[in-house]
1. In segment 184-277, which GluC sites (Glu not before Pro) fall in coil by DSSP and have 11 or fewer other Cβ atoms within 10 Å?
2. Taking the simple approach of a point 7 Å from Cα along Cα-to-Cβ for both Glu246 and Asp126, what is their distance in nm?
3. In debye to the nearest 20, how big a dipole does segment 125-194 give about its Cα centre with +1 on each Lys and Arg Cβ and -1 on each Asp and Glu Cβ?
4. For segment 102-181, what is the Kirkwood hydrodynamic radius in Å, using each pair of distinct C-alpha atoms?
5. With labels modelled as points extended 7 Å from the Cα through the Cβ direction, what inter-label distance (nm, one decimal) is found for Ser300 paired with Glu147?
6. Among Asp99, Asp62, Asp155, which one shows the biggest mean-square fluctuation in a GNM of the chain, springs joining Cα atoms closer than 10 Å?
7. Where only protein heavy atoms count, and the probe is 1.4 Å, what is the accessible area per residue for the chain in Å²?
8. Where in segment 203-300 are there chymotrypsin sites (Phe, Trp or Tyr not before Pro) that are in a DSSP coil and have at most 16 other Cβ atoms within 10 angstrom of their Cβ?
Amino acid sequence: MKIQRREFVAALGVGTTGLAGCTSFGQDDGEAGVTGETLTLTTTTSTYDTGLLDELNAPFQDMYGVTVDAVAQGTGAALETARNGDSDVVMVHARSLEDDFMREGYGVNRRDIMFNDFVIVGPEDDPAGIAGMESATEALATIAEEEVTFVSRGDNSGTHTKELALWDEAGVDPGGDWYQETGQGMGQVLNMTNQQSGYTLSDRGTYLSRRADSNLVILVQGPIEGGPDSLSNPYGIMAVNPAVHENVNYDLSMAYIGYITSPEGQERIAEYTANGEQLFFPEALSEDPDFEQYVPEGWSADDSDERA
């Protein structure tokens with residue numbers, strides 16, 4: 001029997017942001033149209049671990065008088081939860097997996113929301129000697145050649161998806177005692193990497209938010225600090241298709257997407273910092289909009305005609 005959505009959220013034991021406020025869209029004669037409703041958001045661990053979700057969700061709840069249940073998972077798991085109809089809206093960061101989700105008909109109304117980048121971090125003494133390398137693939141190939149400890153998410157998350165693509169580009173099939181797949185979120189992986197004086201691939205935001213608690217340093221930069229574009233890390237948001245899952249709260253999902261991509265939501269993203277550092281950079285608003293953000297990469301009207 002399919003698990004009920006609220007039971008699913010409770011079973012995961014992750015943070016749930018509570019009911020707040022009493023105003024809402026659809027308000028007429030003092031009665032709010034969505035007050036008391038719940039939106040289930042599945043999202044990558046980086047938005048949760050950095051504290052960004054609390055910064056974004058509290059004003060939305062105050063505005064509409066609703067609850068946002070934020071379920072932090074790796075991108076692959078977050079999308080799978082949505083495929084099962086146990087999520088209303090998805091905020092993740094692996095465009096190839098997002099495209100598959102949309103092509104299969106599960107996601108609609110995708111929007112770009114923000115970006116940061118990936119970095120390779122490790123101990124300051126850098127036993128592999130990768131500090132300052134301009135190529136992420138060269139750095140990973142060197143780590144593999146030296147067989148120094150590399151800690152992998154190993155969880156089909158956006159970060160893990162990027163890591164696998166970089167290993168493939170480097171022509172390396174990682175394995176052996178030096179390569180540790182954990183199945184853990186980014187925060188836990190950074191802790192484990194620090195404890196073992198190893199290396200890992202991290203999104204910049206989670207690393208910066210936890211930098212004070214570890215001895216890890218950035219050894220290979222992403223494009224924000226002049227590194228390779230291959231380490232770019234864009235985030236997207238999608239509503240779950242109500243034609244596939246009738247139980248989803250589509251109206252509230254679209255309100256949330258509208259809020260996240262609004263000037264207010266984008267300003268909150270831009271102003272959110274940890275240890276004095278900006279963690280994410282908004283990109284939903286542009287004088288020259290990128291219309292390809294709404295459809296899977298390579299999609300064309302001809303594709304729809306062929307399926308008709």
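1. Numbers: sites: Glu225, Glu246, Glu264, Glu267, Glu271, Glu277; in loops: Glu246.
Answer in residue order: Glu246.
2. For the pair Glu246/Asp126, the computed spacing is 6.0 nm.
3. On the way: 2 positive and 14 negative charges, 72 e Å.
Roughly 340 debye, rounded to the nearest 20.
4. On the way: mean 1/r = 0.0692 Å⁻¹.
The Cα-based Kirkwood calculation yields 14.4 Å.
5. About 5.0 nm, to one decimal.
6. Most flexible of the set in this elastic network: Asp62.
7. On the way: 13630 Å² over 308 residues.
I get 44 Å² per residue for this part.
8. Values: sites: Tyr207, Tyr235, Tyr250, Tyr256, Tyr259, Tyr272, Phe280, Phe291, Tyr294, Trp299; in loops: Tyr272, Phe280, Trp299.
When the chymotrypsin sites (Phe, Trp or Tyr not before Pro) of segment 203-300 are filtered for loop state and at most 16 Cβ neighbours within 10 Å, Trp299 remain.
The values are calculated or read from the model by the stated rules, or taken from the named source; none is laboratory data. Fair warning: this is a prediction, and the values are worked out from it, not measured in the lab. With ideal geometry, Cβ positions are generated from the backbone for all residues, glycine too; neighbour counts draw on all protein chains shown. All accessible areas refer to the heavy atoms of the entire protein, side chains included, with ligands and DNA or RNA removed. Shrake-Rupley method; radii C 1.70, N 1.55, O 1.52, S 1.80 Å.
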